[in-house]
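Bear in mind these aren't lab numbers, they're just calculated from the coordinates by the rules spelled out. Note that the structure is a prediction, hence the values are computed from the model and not measured. Quick reminder, even Gly has a Cβ in these numbers, built from the backbone with ideal geometry, and neighbours come from all protein chains shown.
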Amino acid sequence: MLLRTLEGTHYEIGYWLGRGLATLDIPESDSQGYEFAAQCEAIAKEIYPPILEKVEGLIEESGLSAQDFKTYFYTRGGPPQIGCTNLAIMPSYTKEGFLLLGSNYDWFYSAGEWREVRVIRPQGIYSHISVTHHWAGSPEALNERGVAVLLSVLPEIEVKKPGLQWHLVIDILMETCSHLQEARQFITSVPHLRAFNYLIADEHQAIVAEATPDGVSIREPEGGFLVATNHLPGRGFPEDELTEQDRLRQRRSLTRYKRVHQMMGERPSGVDLEAIKAILRDHEAPICRGDHPSVERRGGFDGVFGTIWSLICQPGRREILLAAGHPCNSEYERYSLW
């Protein structure tokens, strides 16, 4: 997978990321949309002013309309495509005594050409390494202090008030948080524009922040591990807010969630990298999702949507292992901040 290192001020990093965005297809904004975007931008400025400099760099280099770009950057949405399975194993349950994280990131196969690993070193603040397929930000990241975050989407909730987009939440968390409690304080104190599960860890402990526009709930590990897919365990969204497609996605999410618990129950202690890989390669739920040679041909939506990378993170070692594709037939490669 492509590895890029970005260094400098926030403006310089944004300027560098803006290269190649001149052809980005963004919708033309209206006055109402731009006004709402300005409210979201004001929240970002209040919480972390440097992030606005990155946006200015993106706009300057791309040459796109500032109004259209900001409206898209701060407020864009759309029906969530349910996927991704994330887990954390506490140090006392791992063979080497290190906290381990595992993730399968599911998305459209067509985004594969945009996958890359980024090492980002902003001036004067924490550096981080991330994996992404997106120009705006990274859904999975680890910073130099050993704080890591893994993202999974929740069913869509109507946006009624301004808040922070997921990529702004992760960028700010990576650049400002030195341990889990700081990350917990940050993510529970900011307004969220859309609904996501954020699995957050440092080298000692992990939580899932279930963040929606209505607030944030924190879920702690049980039995030495923690799992996040695409639903809210023990509770859910009101039935009248879910479409039939949402209900199907919730059932699939619950199947993957239960399958991880089952596989962990078969090996409650001494978990190592091979045990994590076995979970991420599972085809029963399936956790390793999509249409690929290792499973019976599925076709349909699975022919265009599936696991586009698999990641194992060891925060205590400041490194990730990354398989660029389905983990059942892709080798894991090591990437480090150092």
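Worth pointing out:
- Cα centroid of the stretch 171-231 to Cα centroid of the stretch 36-59, whole Å: 22 Å
- Going through (i) 1.07; (ii) 0.94; (iii) 1.03, the figure that equals Rg/Rh (Cα atoms, Kirkwood Rh) as computed for the structure here is (ii).
- Per-residue ³J(HN,Hα) for the stretch 301-312, Karplus 6.51 cos²θ - 1.76 cosθ + 1.60, θ = phi - 60°, Hz, x for Gly and Pro: 4, 5, x, 10, 9, x, 6, 9, 7, 10, 10, 10
- Sum of -39500 (n - 2.57) over DSSP H runs of 4+, divided by residues of the chain (222 nm, nearest 500): -9000 deg cm²/dmol
- Close amide H partners of Asp291, meaning residues 5 or more places away or on another chain with modelled amide H under 5 Å apart, are Phe305.
- Amide H contacts of Val271 (H built 1.01 Å from N, in plane; Pro and chain starts excluded): Thr94, Lys95 sit under 5 Å, all sequence-distant by 5 or more or on other chains.
- Our coupling estimate for the stretch 134-146, obtained by passing each phi through the Karplus curve with A = 6.51, B = -1.76, C = 1.60 and θ = phi - 60°, is 9, 5, 7, x, 10, x, 9, 7, 9, 9, 5, 8, x Hz, Gly and Pro reported as x.
- Between Glu222 and Lys45, the modelled labels are 4.4 nm apart [label points 7 Å from Cα along Cα→Cβ].
- Spin-label pair Leu24-Asn329: with each label point 7 Å from Cα along the Cα-Cβ axis, the two points sit 3.4 nm from one another.
- Using 0.36 nm per residue and subtracting the Cα-Cα separation, the extra length available between Ala66 and Glu266 on full extension is 66.6 nm.
- Relative contact order of the stretch 2-75, taken over Cα pairs closer than 8 Å and 6 or more residues apart, is 49 percent.
- Going from the fewest other Cβ atoms within 10 Å to the most, the residues Glu41, Glu116 appear in the order Glu116, Glu41.
- The lysines within cross-link reach of Lys70, meaning a Cα-to-Cα straight distance under 23 Å and a gap of 8 or more places when in the same chain, are Lys45, Lys54, Lys160, Lys161.
- A Cβ-based charge dipole, computed about the Cα centre of the stretch 2-75 with Lys and Arg at +1 and Asp and Glu at -1, lands at about 240 debye.
- Cα convex hull, the stretch 188-338: 146 Å³ per residue, rounded to a whole number.
- Using θ = phi - 60° and Karplus 6.51 cos²θ - 1.76 cosθ + 1.60, couplings along the stretch 321-327 (whole Hz; Gly, Pro as x): 10, 9, 10, 8, x, 5, x
- Once backbone amide H atoms are built at 1.01 Å from N, Cys328 has no partners under 5 Å, excluding neighbours fewer than 5 places away on the same chain.
- The chain: relative contact order as a whole-number percent, Cα under 8 Å and 6+ apart: 19 percent
- When each of Asp214, Asp68 is scored by the number of other beta-carbon atoms lying within 10 Å, the sequence from fewest to most is Asp214, Asp68.
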